[in-house]
Each structure stands twice: as structure tokens, then as C-alpha cells.
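S.K.: Before we start, here is the structure in question, set down as C-alpha cells.
No lab work stands behind these numbers, since they all come straight from the coordinates. All of these numbers come straight from a predicted model, not from anything done at the bench. Cβ coordinates were reconstructed from backbone atoms using ideal geometry, including for glycine residues, and neighbour counts include every protein chain displayed.
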Amino acid sequence: MAEAKAPVLIVGSMALDSVRTPAGEVQDALGGAADYASIAASFFAPVQLVGVVGDDFPQEHLDFLAARNIDLGGVQMIKGGKTFRWAGYYDFDLNVAHTLDTQLNVFADFAPSLPAEFRNAPYVFLANIDPELQLQVVKQVQKPKLTVCDTMNFWIEGKPDALRALLGHVDIAFMNDAEARQLTGQLSVVKAAKALQKLGPKTVIIKKGEHGALLFHGDEHFAAPSYPLEEIADPTGAGDTFAGGFIGYVASQDDISIGTLRKAVVYGSVMASYNVEDFSLNRMRTLTQEDIVARYRAFQEIAHFEALSSAGV
Ligand code: AMP
């Protein structure tokens with residue numbers, strides 16, 4: 001892996017999650033889109049994190065983030081405030097998260113203000129949070145090389161106009177297939193991706209949970225396979241680790257050509273495939289660079305097939 005120098009700025013939810021899946025459950029565990037994305041990206045590049053927590057956010061979580069070369073200079077801690085909380089469950093269809101409760105808490109009054117040294121970040125990931133906050137961050141960054149955003153049904157339903165406005169300011173949009181259909185009203189994911197491209201982003205990445213991911217770049221398409229997992233405990237944060245691995249790899253290469261974007265989709269899939277093996281961010285605590293490379297190679301094997309001969313066989 002190349003020496004990582006270009007930092008990735010990440011804004012999004014920092015959370016305490018309570019999650020139940022057929023494999024078990026956790027209460028008030030470390031979660032949040034920005035936390036998942038930052039940890040995943042930190043395997044490839046230095047990260048600058050922007051978010052807010054209450055003073056109920058355990059110090060050990062901040063220590064875990066800081067120990068992974070994540071700059072917490074953009075994280076506000078509100079005295080007497082409560083951290084964002086999400087509660088949900090998954091049935092045997094692990095692609096569908098059922099939300100039981102969303103408490104915005106300190107995010108309800110959050111006005112991100114970037115430290116001066118974050119304002120010229122070359123790579124920006126607007127992880128899932130209120131699209132108005134995502135836009136406030138975009139407006140404070142000077143000339144990034146690449147701006148990427150993610151979202152979820154909560155904001156598609158609650159703030160669709162703000163989300164459409166945000167899409168006019170990003171280069172790449174991530175969405176899962178159901179969200180892309182919901183926002184555009186198109187049943188075909190190809191048409192949905194084209195409709196999203198018309199709103200601004202040149203590149204659209206449609207996440208299909210356990211079934212891989214599709215990259216739409218201008219008129220080009222790329223399909224990354226899924227990894228046949230033996231261990232699966234908790235799909236929470238899969239989308240965010242995917243996005244974090246994606247942008248972390250792009251930043252590590254400091255290159256946004258289509259070849260790098262394709263590899264980044266595979267790295268994103270690698271990170272997501274590991275993250276779902278345990279609850280919360282626990283699998284990331286023991287993950288190594290060797291594990292990442294080994295699974296990248298496994299993905300390559302799975303997707304490899306020979307070209308047809310000139311006779312078509
Ligand atoms: P993912 O499974 O990748 O889609 O994201 C899961 C994470 O999103 C969880 O850790 C939650 O804390 C976080 N989350 C859930 N609902 C919201 C929301 N409305 N806004 C921001 N983050 C959220």
C-alpha cells in the first residue's frame with residue numbers, strides 16, 4: 001500500500017447504537033456513520049473527523065479513534081449534552097435495517113465549524129447526517145479534489161430538498177439501492193443512478209448490501225462482487241465502512257482516475273465484509289493490513305473470469 005499523506009476530512013454522526021440481530025445484541029455501543037467511516041479510512045490515510053458528542057460519550061471511544069491516527073480537532077463535546085443515539089434491529093434479511101429509535105440529541109443544534117487546518121482537506125467524505133450540516137461543511141472546505149456523500153432513508157424522507165441541493169455540490173454520491181429508488185422514483189437502479197448523476201455527482205455508487213456494489217462513472221459501469229462470508233454478526237455500519245475504505249484508498253493514491261475508483265470500490269467492499277463479522281466496530285480493533293490485502297486478493301479471485309476466444313467459446 002502506498003504511503004498515505006493526503007488526509008480525508010469526514011463529517012457525520014458519532015453515535016451510541018443499540019442493535020439486535022439474529023446473532024445477538026449490544027446496548028449503547030460505539031457507532032455512527034462518521035465513526036465507522038473514519039476507522040475504515042484510517043487503515044489507508046490520515047483522517048480529520050468533524051462531529052459532536054455529549055459528555056456521556058465514553059473516553060475509551062475517543063481514545064480508540066485517536067489511536068488510529070484520527071485527528072479529533074473537529075469533534076465538539078457538549079457539556080451536559082447527550083450523544084446521538086440510534087436503536088435498530090435486523091431480521092434474517094440483513095440488508096434491511098429496522099429503525100426503532102433515532103435521537104438526534106446534540107446533533108439537533110450542531111453547527112459545524114471547521115478548524116483552520118481542516119479547511120484545505122483534499123478529500124472530503126460527508127457521511128450520513130442531516131444534509132444541511134453536510135452542506136455547511138462543504139461550504140467551509142476550499143477546493144477539495146474529491147467530495148463524496150452518503151445518506152439514508154431518514155433524510156430522504158425528512159429533508160429531500162436539502163439532500164438534492166447537497167448533491168449539486170458533490171463529485172460522488174453513495175446510496176443503497178432502495179434509497180436511490182426512493183429518492184429518484186425510478187425502479188431500475190441504472191435509471192436511478194442516471195437520475196442522481198443529473199442532480200450533480202459525476203459518479204454514483206449503489207451499494208447492494210450483501211450483493212456487492214455498482215459504480216456508475218459518466219457512461220461507464222463497474223460491478224464489484226460480494227464476498228461469501230462465513231462469519232456475519234451485525235451489518236450495522238457496513239455502508240459507512242465501505243465508504244471509508246473507498247475514500248481512504250483514493251486518498252492514499254491521491255488519484256481519482258477510473259482505475260483507482262474501481263480498486264477503491266473493492267477496498268470498500270473488503271472493509272465492509274470484515275466489519276459485519278462482529279458487532280459495533282469490534283472487528284476493526286484486530287484487523288491488520290495483511291488481512292485487508294488477503295481479502296482484496298480473494299475478491300479478485302471471485303470476480304475473475306476468462307475472455308472468450310475469437311470463436312466465442
Ligand atoms: P449503515 O449501517 O452503514 O447504514 O449506518 C449505520 C450507522 O448510521 C449507525 O451506527 C447509526 O448510528 C447511524 N445512523 C442511523 N440513523 C442515522 C441518521 N438518521 N443520521 C445519521 N446517522 C444515522
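S.K.: Under a 10 Å cutoff between Cα atoms, tell me which one of 294, 40, 224 has the largest fluctuation in the Gaussian network model of the chain.
M.R.: 294
S.K.: Obtain the nm distance between the two label points defined at residue 159 and residue 308 by a simple spin-label model: each point lies 7 Å from its Cα along the Cα-to-C-beta direction.
M.R.: Here the modelled spin labels are 4.9 nm apart.
S.K.: Quick one: P(r) of region 233-276 from all Cα-Cα pairs, 5 Å bins, percents rounded to integers, in order of increasing distance.
M.R.: 6, 29, 28, 18, 11, 5, 2
S.K.: Hey, in the GNM for the chain with a 10 angstrom Cα cutoff, which one of 213, 67, 195 fluctuates hardest?
M.R.: Highest fluctuation of the listed residues: 67.
S.K.: I've got another one for you. Amide H of residue 233 versus every other amide H placed in the peptide plane: which residues, excluding those fewer than 5 positions away on the same chain, fall under 5 Å?
M.R.: Amide H neighbours of residue 233, under 5 Å, 5+ apart: 277, 278.
S.K.: What is the spin-label model distance, in nm, from residue 143 to residue 104 if the labels are put 7 Å beyond Cα along the C-beta direction?
M.R.: Those two pseudo-labels are separated by 3.5 nm.
S.K.: Please go through the residue pairs 82/194; 5/194; 82/191; 198/263; 5/159; 79/208 and name each one whose alpha carbons sit more than 30 Å apart in this structure.
M.R.: Among 82/194; 5/194; 82/191; 198/263; 5/159; 79/208, the Cα-Cα distance tops 30 Å for 82/194; 5/194; 82/191; 5/159; 79/208.
S.K.: Okay, next question. Can you give me the span-like helices of the chain, meaning DSSP H runs with 24 Å or more of Cα extent along the axis and Kyte-Doolittle mean at or above -0.5?
M.R.: Once both thresholds are applied, what remains is 258-275.
S.K.: Let's test the formula: R0 of 22 Å, r as the Cβ-Cβ distance of residue 5 and residue 63. What FRET efficiency results, to the nearest 0.05?
M.R.: Step by step, r from the Cβ atoms, then E = 0.35.
S.K.: Still on this model: Calculate, in nm to one decimal, what residue 282 and residue 221 gain on full extension: separation in residues at 0.36 nm each, minus their alpha carbon distance.
M.R.: 18.6 nm
S.K.: What number does region 118-214 give for Rg over Rh if you use C-alpha atoms and the Kirkwood radius?
M.R.: My calculation of the ratio gives 0.96.
S.K.: Could I ask something else about it? Over the chain, with a Gaussian network built from C-alpha contacts below 10 Å, which listed residue (148, 96, 270) shows the highest mean-square fluctuation?
M.R.: 96
S.K.: Where the eigenvalues come from the Cα gyration tensor of region 146-203, what are the semi-axes √(5λ) of the equivalent ellipsoid, largest first, in whole Å?
M.R.: 15, 14, 9
S.K.: How charged is the neighbourhood of residue 104? Take every other residue with its Cβ under 10 Å from the Cβ of residue 104, and add Lys/Arg as +1 and Asp/Glu as -1.
M.R.: 0
S.K.: P(r) of region 155-313 in 5 Å steps, Cα pairs, percent per bin?
M.R.: Going out from 0 Å in 5 Å bins, region 155-313 shows 2, 9, 16, 21, 19, 15, 11, 6, 2, 1, 0 percent.
S.K.: While we're on this one: Report, please, the projected area of region 269-313 averaged over directions, based on the convex hull of its C-alpha atoms, in nm².
M.R.: 4.0
S.K.: While we're on this one: For region 125-165, count all C-alpha to C-alpha pairs, find those more than 17 Å apart, and express that count as a whole percent of the total.
M.R.: For region 125-165, the fraction of Cα-Cα distances above 17 Å is 25 percent.
S.K.: State to the nearest 20 debye the size of the charge dipole of the chain about its Cα centre, where the only charges are +1 on K and R beta carbons and -1 on D and E beta carbons.
M.R.: 1080
S.K.: Another question, then. With the contact rule set at Cα under 8 Å and sequence spacing of 6 or more, what percent relative contact order holds for region 44-178?
M.R.: 18
S.K.: Assuming 1.002 mPa s and 20 °C, estimate D for the chain with Stokes-Einstein, Rh taken as the Kirkwood radius over Cα pairs, in µm²/s.
M.R.: Once the numbers are plugged in, D ends up at 111 µm²/s.
S.K.: Divide by every residue of the chain the summed helix terms, -39500 (n - 2.57) for each DSSP H run of at least 4, and state the resulting mean residue ellipticity at 222 nm, rounded to the nearest 500 deg cm²/dmol.
M.R.: -10500 deg cm²/dmol
S.K.: For a quick size check, give me the Cα extents of region 19-171 along its three principal axes, largest first, whole Å.
M.R.: Taking the Cα atoms of region 19-171, the three principal extents are 45, 36, 33 Å.
S.K.: What order do you get for 174, 299, 44, 216 when you list them from fewest to most C-beta neighbours inside 10 Å?
M.R.: Sorted ascending by nearby Cβ count, the order is 299, 216, 44, 174.
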